[in-house]
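To start, the structure under review is shown below, and the notes come after it.
The values are calculated or read from the model by the stated rules, or taken from the named source; none is laboratory data. Given the structure is predicted, the values throughout are model-derived calculations rather than measurements. Reconstructed Cβ throughout: ideal geometry from the backbone, glycine too, with neighbour counts over all protein chains shown.
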């Protein structure tokens, strides 16, 4: 079994006699992270192939529609090709990867809501776990030297972070245990916790990605994301915390707070900073790695604090209603310890501040809400 030490897969590819392509394959390419990854790798002279079938609209209704983002990519990126493909389509996935043999495969497609997963358990597991297996096996067969980067989630830890001692401050919960001063490390167990069906399906995909890295010695990593956000998010109530909150504020809609006094904390990371880390991993891949990927303590905020920041950015008062029932398995306080990422990839750090993120999302929703086309 190979330890997750640094491996120069570029050198392996060159000596194997196989051609080194400049193709980047991105699943979920019309979503927040996928679209940012497509644009970022395109700017690094990659030919980008995106896989998306607007399943987000199926999951979340018209407000989850991502066709507008697909169109934006097709107009803006000269070397971008869209593929209307569902990751559950095993034959279709195998054929596409065989045809393209991408230099890097970035998997961001998912059913992303832990609330919705309980209502559609088969769809949730088939998209998150089986879809990931389809892509991993395709990579093993047709481009085993190419880095495989998987967008996992911090929900694989379930409610275990809630067992950490907390202290209540005026507007947020905070860790009282000094061992977690910098946040949640990758060493936290994912066992014996209430994960939600979404957390379970993503944990299955997470373990598969690790095992293909360790057992088959493929260059793979799982990125256990916190609140991934940015201006190109189609935020809805069940997924997309900051984007949805800001949209509610701009449209004068009521925002519902679920439990924990509105003091629950999340760390927020801009999609471009996610894409930048993926590029770092592509350049220096490792086998079967896991990283907690978020904004860290510096980019963390509670819901109450987020409402205050949204109001400051828009100048509009936010109406909200408190529901005294937390979401099942929801984290009270979660922000990522970025120590491991920064040790392995010292050139990377988040470049977008929390204030920058709010301002970009506000500007994006202003533009989109002025466009009355039904796809937005």
If you check 230, 259, 240, 226, which single one turns out to be out of contact with any helix residue (DSSP H, G or I) (no Cβ under 6 Å at 6 or more places or on another chain) and surrounded by 21 or more Cβ atoms within 10 Å (Cβ to Cβ)?
240
Here are 58, 87: which of them is under 22 Å from residue 111 (Cα atoms) and in a loop (DSSP other than H, G, I, E, B)?
87
From the list 75, 44, 90, 79, pick out the single residue that is at pLDDT 95 or above, surrounded by fewer than 17 Cβ atoms within 10 Å (Cβ to Cβ) and under 20 Å from residue 223 (Cβ atoms).
44
Going by the structure shown, is residue 305 within 27 Å of residue 39 (Cβ to Cβ), surrounded by fewer than 18 Cβ atoms within 10 Å (Cβ to Cβ) and in contact (Cβ under 8 Å) with a residue 40 or more places away in the chain?
no
Which of (1) assigned to a helix (DSSP H, G or I); (2) in contact with a strand residue (DSSP E or B) (Cβ under 7 Å, 6 or more places away or on another chain); (3) closer than 29 Å to residue 200 by Cα does residue 307 not meet, given it meets every other one?
(3)
Quick one: which residue in 189, 152 is within 30 Å of residue 351 (Cα to Cα) and surrounded by 17 or more Cβ atoms within 10 Å (Cβ to Cβ)?
152
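Conditions tested, residue by residue: (1) without any contact (Cβ under 8 Å) to a residue 40 or more places away in the chain; (2) surrounded by 23 or more Cβ atoms within 10 Å (Cβ to Cβ); (3) in contact with a strand residue (DSSP E or B) (Cβ under 7 Å, 6 or more places away or on another chain).
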site: 279; (1), (2), (3): no, no, no
site: 322; (1), (2), (3): no, no, yes
site: 326; (1), (2), (3): no, no, yes
site: 336; (1), (2), (3): no, yes, yes
Evaluate the following for residue 112: is it farther than 11 Å from residue 205 by Cα, modelled with pLDDT under 95 and outside any helix (DSSP H, G or I)?
yes
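Okay, residues lined up against (1) modelled with pLDDT under 95; (2) within 27 Å of residue 199 (Cβ to Cβ); (3) in a loop (DSSP other than H, G, I, E, B):
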position	(1), (2), (3)
313	no, no, no
341	no, yes, no
347	no, no, yes
360	no, no, no
May I ask you to verify whether residue 266 is closer than 19 Å to residue 153 by Cβ, crowded, with 19+ Cβ neighbours inside 10 Å and in contact with a strand residue (DSSP E or B) (Cβ under 9 Å, 6 or more places away or on another chain)?
yes
Examine the range 292-299 for a residue that is in a strand (DSSP E or B), over 21 Å from residue 237 (Cα atoms) and in contact with a strand residue (DSSP E or B) (Cβ under 9 Å, 6 or more places away or on another chain), and state whether such a residue exists.
yes
Regarding the range 117-140, can at least one residue be identified that is within 24 Å of the chain's Cα centre (by Cα), closer than 30 Å to residue 300 by Cβ and free of Cβ contacts under 8 Å to residues at least 60 places away in the same chain?
yes
Do we have residue 205 as out of contact with any strand residue (DSSP E or B) (no Cβ under 6 Å at 6 or more places or on another chain), closer than 26 Å to residue 345 by Cα and buried (at least 22 other Cβ atoms within 10 Å of the Cβ) here?
yes
Run residue 341 past the list (1) buried (at least 18 other Cβ atoms within 10 Å of the Cβ); (2) touching a helix residue (DSSP H, G or I) at 6+ places or on another chain (Cβ under 6 Å) and report the number of the one that doesn't hold.
(2)
